[in-house]
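Undergrad: The structure's right below; bear with me while I get my questions together.
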C-alpha cells in the first residue's frame, strides 16, 4: 500500500514536471502566437538559452572594437536581444528556462507596466544572493509591505535631510581629492604634474564611505566593518550574476546543462553559498549591534532608550537613515501601532542594507561614466567647468561646499548627468513579474510571465530620442527632462511611476556635489590604457577599469 502511494506520488510529480517543462510552454507559445507575438523557439529545460548563447558569441565576434567616442554599446552588451528585435519586432516572447518572458522596446507598453498602481507587475529577482545583498527592503518588496516601508523610508530623503547628506558628501570628497593631490605631486613628473587614477576604485570607495555615513552616522566603531562586509557581499553578488540566466551577457558563457546546474546550485550548500550566508549573518549581527548601541546612548535620564527614540521624525535617534528607521522600530512604537508605520528588527536591517547596496553601486557608476564622457568630450568639460567656476564662488581655497542654491544654478552639469544616465544608465535591464493574468498593451499575458524592460535599448530608440540617439548631446535636456524626447516619460534611468527610485534626489545631489568639486579642482583626460568595453553585471561598468589622467588646477 505504501509503495503504491509512493509510486502514485512519483508519477504525479513526473506529470507535473512534464506539464511545466514541456506542455505548458507549448500552450503559452501558441497563445502568444495567435496574438501576433512570436520569438525564439522554446528548448526543453533550457528555454531560449541555446540560441541566445549563439547570438551573443556571434554578435561579439562581429562587433568591431569600440572607439571611446562611440556610445552605441548595445551590440556589445545585448547582441542577442538586438537581433531578436530585428527578427520579431519591438515586442516578442522568449524563455528563461521554462518561464515565459515578454521583452519589449515599445515605450507605451513599458509605461503601462511601470506606472501601474494596482500591484499587477511586481518586482522579481531570480538570484537569491541579490536579496541577501540588497535586503528585502523598499526596492524588492511588493504590496502592502512596500507601502509600509516607503512611509518610513521616504522622510529620509526630504529637502533638509538631503542638505545634511550633501555636507557629508563634500567632506568625504575633500579627503578623496587630498589623496589625488598627493598622488599627482608624488608622480615624479613635475613638468606634467599629473597622475593616472582608476575612477572605478576611487568612486566605489567614495560612495561606500558616503553611504555608510549617511546610513549609520559616525558615532559607532563598527560602521567600517559593516561597509567592508557589504563590499564583500557585492563581490559575491557580482560572481553570482555571471551565472544569471536572464541576461546571458557575462563573459563566462556555460553550456545549457551546466547553466541549469549552476542555477539550481544557488540553493545548495556550495562553498560560495555558505560564504554568502556567513557574511550575511555577520552583517546582520553588526547592524543589530549598531542599533542597540544607538538606543543605549539615548537613555539619558529616561528609564528606556525607546521612549527617547519615539519622539518624532529627526528626534533623539538621530538624523541619519538608521535614526529614522529606529523611530519605527522601537518597542514603544510597535505597541502604539502608529497606523502601520512600524518595522520589525529584520526589516530595519534590510532597509539599511538596501540603502547602502543600491545607492552605493549606482551612484559610483554614474560618477564613473560622467567623468568618462567629460574626458572624451573635453569641450563639454570646459563648458561645465566654466559654469562651476562662475557659480561656485566664495574664498580662494577651492574647497567650499556647493549649497542647494549653487547646485540649482549648475544647469549644464545637470544636463550632462541626465545625458550620462541616458547613454550609460547604471541599471541597463529590469524586470517585473505578472502577479495574475493581465492584458498588457492589448496582449493577454498569463500569470507568472516576466516582463523584460531593456532600459539601455529604450534610451536609444531613434523614434523617441531622434536620429542622434546614440550620440552624446546634453543640449537635448536644455528645456528639461519632459521635453528632451518625443515622450515626456522616456528617461527611465531611475525607473518610473510609484516604484521610482526612492533615493533618486539624494543620488543626483550627491553626484552633483562630487562633480562640481572635482571640476573646480582638477582637469582630466582619458588614459591611453583605457579600453572601451562596457559590461553589465550588478550595474553598467567598464570591463577593464576607467583610468583617467588627472591634473591639479589649483596649483596651475
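Throughout, read-outs are computed from the coordinates displayed, never taken from laboratory work. Just so it is clear, the structure is predicted and the values come from calculations on it, not from any experiment. Note that each Cβ is placed from the backbone with ideal geometry, even for glycine, and that neighbours are counted across all protein chains shown.
Undergrad: Using 0.36 nm per residue, how much length does the chain from residue 123 to residue 228 gain when fully extended, once their Cα-Cα distance is taken away?
TA: Contour length minus the Cα-Cα distance gives 35.0 nm.
Undergrad: Next up: Starting from the Kirkwood radius over alpha-carbon pairs of segment 495-556, derive D by Stokes-Einstein at 25 °C in a medium of 0.890 mPa s and give it in µm² s⁻¹.
TA: 169 µm²/s
Undergrad: Put one equal scatterer on each alpha carbon of segment 353-474, apply the Debye formula with no solvent term, and list log10 I(q)/I(0) at q = 0.09, 0.15, 0.19, 0.23 1/Å to two decimals.
TA: With no solvent term, the Cα-only Debye profile gives -0.40, -0.88, -1.14, -1.31.
Undergrad: In whole Å, what three semi-axes, largest first, describe the equivalent ellipsoid of segment 397-469 built from its Cα gyration tensor (square root of 5 times each eigenvalue)?
TA: 38, 17, 11
Undergrad: Note down, for segment 48-93, the three equivalent ellipsoid semi-axes (square root of 5 times each alpha carbon gyration tensor eigenvalue), biggest first, whole angstrom.
TA: Computed over segment 48-93, the values are 21, 13, 7 Å.
Undergrad: Which value results when the Cα radius of gyration for segment 1-71 is divided by 2.2 N^0.38 Å?
TA: Segment 1-71 yields a ratio of 1.87.
Undergrad: Rounded, prolate or oblate: which one fits segment 420-556, using the alpha carbon gyration tensor with axes a ≥ b ≥ c (rounded when a/c is under 1.5, else prolate when a/b beats b/c, else oblate)?
TA: Prolate is the answer for segment 420-556, as a/c is 1.5 or above and a/b outweighs b/c.
Undergrad: So if we plug the beta-carbon distance of residue 436 and residue 3 into 1/(1 + (r/R0)^6) with R0 = 30 Å, what FRET efficiency do we get, rounded to 0.05?
TA: Efficiency, rounded to the nearest 0.05: 0.15.
Undergrad: Would you mind calculating the relative contact order of segment 55-103 from Cα pairs under 8 angstrom and at least 6 residues apart, reporting the percent as a whole number?
TA: So the answer I get is 27 percent.
Undergrad: Let me make sure I get this right: for segment 74-135, a, b and c are the square roots of the gyration tensor eigenvalues over alpha carbons, sorted descending. Under 1.5 in a/c it's rounded, otherwise prolate if a/b > b/c, else oblate. Which is it?
TA: oblate
Undergrad: Which distance in nm do the two modelled labels at residue 271 and residue 86 give, with both placed 7 Å along the Cα-to-Cβ direction?
TA: For the pair residue 271/residue 86, the computed spacing is 4.1 nm.
Undergrad: Taking the mean number of other Cβ atoms within 10 Å as a proxy for protection, how do you rank 518-525, 287-294 from highest to lowest?
TA: Ranked by mean Cβ neighbours within 10 Å, highest first: 518-525, 287-294.
Undergrad: Got the relative contact order for segment 342-461 handy, in percent, Cα pairs under 8 Å and 6 or more residues apart?
TA: For segment 342-461, the relative contact order is 21 percent.
Undergrad: So for each of 435-442, 81-88 I average, over its residues, the number of other beta carbons within 10 Å; can you give me the resulting order with the highest mean first?
TA: 81-88, 435-442
Undergrad: At a 10 angstrom cut-off on C-beta neighbours, averaged per residue, how do the peptides 342-354, 138-150, 418-430 rank from highest to lowest?
TA: 418-430, 342-354, 138-150
Undergrad: Computed FRET efficiency, Cβ-Cβ of residue 34 and residue 147, R0 35 Å: what is it to the nearest 0.05?
TA: The value I calculate is 0.40.
Undergrad: Treat segment 1-129 as a sphere of radius equal to its Kirkwood radius over Cα pairs and apply Stokes-Einstein at 4 °C in a medium of 1.567 mPa s; give the translational diffusion coefficient in µm²/s, rounded to a whole number.
TA: Roughly 74 µm²/s, to the nearest whole number.
Undergrad: Cα-based Rg of segment 132-209 per 2.2 N^0.38 Å, rounded to two decimals?
TA: Normalised Cα radius of gyration, segment 132-209: 1.68.
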